[in-house]
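K.L.:
Please read through the structure below; I'll follow up with questions.
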Amino acid sequence: MMSRSSKKPPSKPRRRTRCTTMGLTLLELVVAVMVLSVGSIAALRATDQSRVAIGGMPSRVLAQIVARNRAQELQLYGGQGAQALPGEVEMGGRQFKVTVQTATTAAGLVEAVITVRGPDGPGAHLVAYVKPNGPGS
């Protein structure tokens, strides 16, 4: 038989401690700030690209208006009157260079290829078919 002295003394019940820290560790905070900063940089780049793309729109729109106006002038004056029209036009406070290349079609109409260039590059390209001598011909 075993003696009582060889038995282990009964152990005291351990106290369970609760984790009372409810905050973030420094590492978690650094990771969260890095994730937010990467997301913010991506959003700023996308916004900047949109701004750049929209920035050229006024010149393009004005160039299209100039091209349509030239097509209307060609309809009024006739396809042969393209040489008498000015090569530069001011629209919206900007100067646009207008070139018109004409060719006679098999049907007797004049094909006018109108190209408009603005000072900052973007422009418009329009093809119009008009009568050779204006609307009365």
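K.L.:
Against the definition (over 16 Å from Arg68 (Cα atoms) and touching a helix residue (DSSP H, G or I) at 6+ places or on another chain (Cβ under 9 Å)), how does Leu126 come out, yes or no?
P.N.:
Here the answer is no, as Leu126 does not meet what is asked.
K.L.:
Considering only residues that are of a type in the set (A, V, I, L, M) and crowded, with 18+ Cβ neighbours inside 10 Å, look in the range 112-127 and name the one that is farthest from the chain's Cα centre (by Cα).
P.N.:
The residue in question is Ala112.
K.L.:
Considering each of Gln83, Gln64, Gln72, Gln49 in turn, give the residue that is open to solvent by 100 Å² or more (accessible area, probe 1.4 Å), within 20 Å of Gly121 (Cα to Cα) and at pLDDT 75 or above.
P.N.:
Selected residue: Gln49, the only one of Gln83, Gln64, Gln72, Gln49 that is open to solvent by 100 Å² or more (accessible area, probe 1.4 Å), within 20 Å of Gly121 (Cα to Cα) and at pLDDT 75 or above.
K.L.:
Of the residues Gly92, Gly108, Gly79, only one is of a type outside the set (Phe, Trp, Tyr), in contact (Cβ under 8 Å) with a residue 24 or more places away in the chain, under 20 Å from Val130 (Cβ atoms) and out of contact with any strand residue (DSSP E or B) (no Cβ under 8 Å at 6 or more places or on another chain); which?
P.N.:
Of the residues listed, the single one that is of a type outside the set (Phe, Trp, Tyr), in contact (Cβ under 8 Å) with a residue 24 or more places away in the chain, under 20 Å from Val130 (Cβ atoms) and out of contact with any strand residue (DSSP E or B) (no Cβ under 8 Å at 6 or more places or on another chain) is Gly108.
The values are calculated or read from the model by the stated rules, or taken from the named source; none is laboratory data. Quick caveat: nothing in here was measured; it's all calculated off a predicted structure. A quick note on method: Cβ atoms are made from the backbone with ideal geometry, for glycine too, and the neighbour counts reach across all protein chains shown. Accessible surface is based on the protein model in full, side chains and every heavy atom, while ligands, DNA and RNA are left aside. Shrake-Rupley method; radii C 1.70, N 1.55, O 1.52, S 1.80 Å.
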